[in-house]
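The values are calculated or read from the model by the stated rules, or taken from the named source; none is laboratory data. Here the structure is a predicted model, which is why all the values come from computation and not from measurement. Cβ coordinates were reconstructed from backbone atoms using ideal geometry, including for glycine residues, and neighbour counts include every protein chain displayed. Calculation scope for accessible area: heavy atoms of the full protein, side chains included, ligands and nucleic acids excluded. Shrake-Rupley method; radii C 1.70, N 1.55, O 1.52, S 1.80 Å.
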Amino acid sequence: AMRESKIHCWDDVYGFDYSPMKALVAQEPVVDVIGNDQVISDHAVVLDWDLQEIGVDESKSMMAEVAIKFNNDGNNVHIMDSICVHFNTSFTHGNDCIVLDTSPEGGETHWKQTLLLLPQRVVVKARDSAHIRLSMGQNTHNVRDWDMDLTVSVGDNSLHKVYTMR
């Protein structure tokens, strides 16, 4: 449904064919609220920074490789069409620890989640695993933009896509 509402909607905009826009729109991650019922795998920590310790140059890029396992929730087969990215921030100064959780299971916040739409849908089975490699860096033309490079491997399928988060 997300792919249709964000990408394929350009096929007919009030009777006009704007389909050439699809390639441009598909280069950007989708920022939206994702329900926990749409998550088909476990979570993996891609990055863990101590913001009191990290330097500015260290925060300009990152690369991580993680493995996730698909849920065994009664469905033997799932369709994976995106990777959901979110963050948690712990405020630990003082006696109390307050956590801002922007995950789908954490409840809706104005921060939402970021979806990296895959180039194509992948059929996965319960208990299968995926290997994910994600690198991010500040865009050289605009430091507020981020370039993201994603590779997802499930069995013999390997998908690769580059995004620009504006």
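Please work out whether region 1-76 counts as rounded, prolate or oblate from its C-alpha gyration tensor, where a ≥ b ≥ c are the square roots of the eigenvalues and a/c under 1.5 means rounded, while otherwise a/b larger than b/c means prolate and anything else oblate? If you can, show how the numbers build up before the last one.
On the way: a/c = 3.19, a/b = 1.42, b/c = 2.25.
Oblate, since a/c reaches 1.5 and b/c is not below a/b.
Expressed in nm to one decimal, what extension gain is obtained for the pair Asp96 and Ala26 from 0.36 nm per residue of sequence separation less their Cα-Cα distance? Could you put the intermediate results ahead of the total?
Numbers: separation 70, 0.36 × 70 = 25.20 nm, distance 4.16 nm.
Working it through step by step, the gained length comes to 21.0 nm.
Under 10 Å, Cα contacts only: if you run a Gaussian network model on the chain, which one of Ala26, Ala130, Ala64 comes out with the highest mean-square fluctuation?
For the chain, modelled as a Gaussian network with Cα springs under 10 Å, the answer is Ala64.
Given points 7 Å out from each Cα along the Cα-Cβ axis, report the Lys112 to Asp17 separation in nanometres with one decimal.
2.9 nm
Which GluC sites (Glu not before Pro) from region 65-122 combine a DSSP loop assignment with at most 12 other Cβ atoms within 10 Å?
Values: sites: Glu65, Glu105, Glu108; in loops: Glu108.
Here the GluC sites (Glu not before Pro) that fit, given the DSSP loop and packing criteria, are Glu108.
Place a +1 charge on the Cβ of each Lys and Arg in the chain and a -1 charge on the Cβ of each Asp and Glu, then give the dipole magnitude about the Cα centre in debye, rounded to the nearest 20.
Values: 13 positive and 25 negative charges, 87 e Å.
Roughly 420 debye for the chain.
Probe radius 1.4 Å, ligands and nucleic acids left out: which of Cys97, Cys84 has the largest accessible area, and how do the rest follow? Present the calculation step by step, with values, prior to reporting the outcome.
Details: Cys97 85, Cys84 50 Å².
Order by accessible area, largest first: Cys97, Cys84.
For region 88-138, which trypsin sites (Lys or Arg not before Pro) are in a loop by DSSP, counting at most 12 other Cβ atoms within 10 Å? Could the numbers behind the result be given before it?
Numbers: sites: Lys112, Arg121, Lys125, Arg127, Arg133; in loops: Lys112, Arg127.
For trypsin sites (Lys or Arg not before Pro) across region 88-138 that sit outside H, G, I, E and B with at most 12 neighbouring Cβ atoms in 10 Å, the list reads Arg127.
In region 102-139, whose amide N lies under 11 Å from the spot 7 Å out along Cα-to-Cβ of Lys60? List them in ranges.
Output list for this probe position: 138-139.
Tally Lys/Arg at +1 and Asp/Glu at -1 over every other residue whose Cβ is under 15 Å from the Cβ of Ile79; what's the total?
Values: positive: Arg3, Arg121, Lys125; negative: Glu4, Asp37, Asp73, Asp81, Asp128.
Summing Lys/Arg as +1 and Asp/Glu as -1 gives -2.
In percent, what relative contact order does region 34-150 have, based on Cα pairs under 8 Å that are 6 or more apart in sequence?
Details: 175 pairs, mean separation 37.2, N = 117.
The normalised contact order for region 34-150 reaches 32 percent.
Within a Cβ distance under 15 Å of Ala44, other residues only, what is the Lys/Arg minus Asp/Glu net charge?
On the way: positive: Lys69, Arg133; negative: Asp42, Asp48, Glu65, Glu105, Asp128.
For residues surrounding Ala44, the net value is -3.
Residues in region 120-157 near a label at Asn75, defined as backbone nitrogen under 11 Å from the 7 Å Cα→Cβ point?
Residues 124-126 qualify, since their backbone N sits under 11 Å from the label point.
Sequence neighbours fewer than 8 away in the same chain don't count; with that in mind, list the lysines whose C-alpha is under 19 Å from Lys161.
Reachable lysines: Lys6, Lys22.
Quick one: if you stick a label point 7 Å off each Cα along the C-beta vector at Glu53 and Asn142, how many nm between them?
In this crude spin-label approximation the distance works out to 3.4 nm.
If you filter region 67-153 for chymotrypsin sites (Phe, Trp or Tyr not before Pro), then keep DSSP loop positions with at most 16 other Cβ within 10 Å, what is left? Write down the numbers at each step before the final one.
Values: sites: Phe70, Phe87, Phe91, Trp111, Trp146; in loops: Phe87, Trp111.
For chymotrypsin sites (Phe, Trp or Tyr not before Pro) across region 67-153 that sit outside H, G, I, E and B with at most 16 neighbouring Cβ atoms in 10 Å, the list reads Phe87, Trp111.
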